[in-house]
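Below is one structure, written out as structure tokens; the observations come after it.
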Amino acid sequence: MTASARLLIVGPQGSGKGTQGVRIAETFGIPVVSTGDIFRANIKGGTELGTQVTEILDRGDLVPDELTSEIVRDRLSQDDAANGFLLDGYPRNVAQVGHLDEFLSGRGEALDAVLLLDVPRAESISRLSLRAIEQGRSDDTEEAIAHRLDIYERETAPIIDVYSERGIVDRIDGVGSLDEITERIVAALDARGLHVAV
Ligand code: ADP
């Protein structure tokens, strides 16, 4: 069964947000909308969008806001996102928060919760090195990782303040077993009245 929830998961590279995002979305029966996954699928599929963004991703830079927001709007307009969704990797800066606000408010919707996965920098870097070996992502070079972490701190961390002012941020300790972290997130959502449907 599906429970309605409009969620955003945020955290530095290597915080495990992708993994936890999938778990939480499955639990709630909502789709994950991961901009990184969308870009990578397009690169792999050799689409026009893929060609457009390949070099940007390899450098660890951000894809232009307008383009990214348009892709997200299209994705959120699909039927399976009508009742809820979990955003991973978007919005990633304050401009994108504005784009998302405009889109959601136009539908009479708003985010219910922003899950911030808290992981010490040393831990996230060691997880990323492991991922580089396991998955061979072309943007998991030392240089691109450092660049992405810088962008995270400079551009993405400020969005937490914006959402904190709205009282929708749940800070989750991201160190522990996968199951423990999932349980912490489910408990935080439960406390907001967002219950897993059974
Ligand atoms: P990570 O969190 O490890 O950086 P992601 O899969 O979230 O990995 O993103 C990979 C890349 O995709 C980013 O470095 C960026 O180039 C691009 N990207 C993803 N989301 C966005 C976004 N919201 N705005 C601009 N670029 C994005």
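The values are calculated or read from the model by the stated rules, or taken from the named source; none is laboratory data. The structure displayed is predicted, hence computed values, not measured ones. Positions of Cβ are backbone-derived with ideal geometry, glycine not excepted, and every protein chain shown enters the neighbour counts. Note: areas computed on protein heavy atoms with side chains; ligands, DNA, RNA excluded. Shrake-Rupley method; radii C 1.70, N 1.55, O 1.52, S 1.80 Å.
Every listed requirement among (1) within 10 Å of the ligand (Cβ to nearest atom); (2) over 29 Å from Arg6 (Cα atoms); (3) in a helix (DSSP H, G or I) is met by Leu130 save one, (1). Pairing residues of the range 98-122 that are part of a helix (DSSP H, G or I) with residues that are open to solvent by 40 Å² or more (accessible area, probe 1.4 Å), at Cβ distances under 6 Å and at least 6 apart in sequence or on separate chains, gives Phe103/Arg73; Leu104/Ala110.
Looking at the range 133-176, which of its residues are touching a helix residue (DSSP H, G or I) at 6+ places or on another chain (Cβ under 7 Å), under 13 Å from Gly14 (Cβ atoms) and away from the ligand (no atom under 11 Å from the Cβ)? Hits for the range 133-176 are Gly174, Val175. Listed by first and then second residue, the pairs linking a residue in the range 63-87 that is farther than 12 Å from His99 by Cα to a residue that is assigned to a helix (DSSP H, G or I) and within 11 Å of the ligand (Cβ to nearest atom), with Cβ atoms under 6 Å apart and 6 or more places separating them unless they lie on different chains, are Val63/Val53; Val63/Ile56; Leu86/Gly21.
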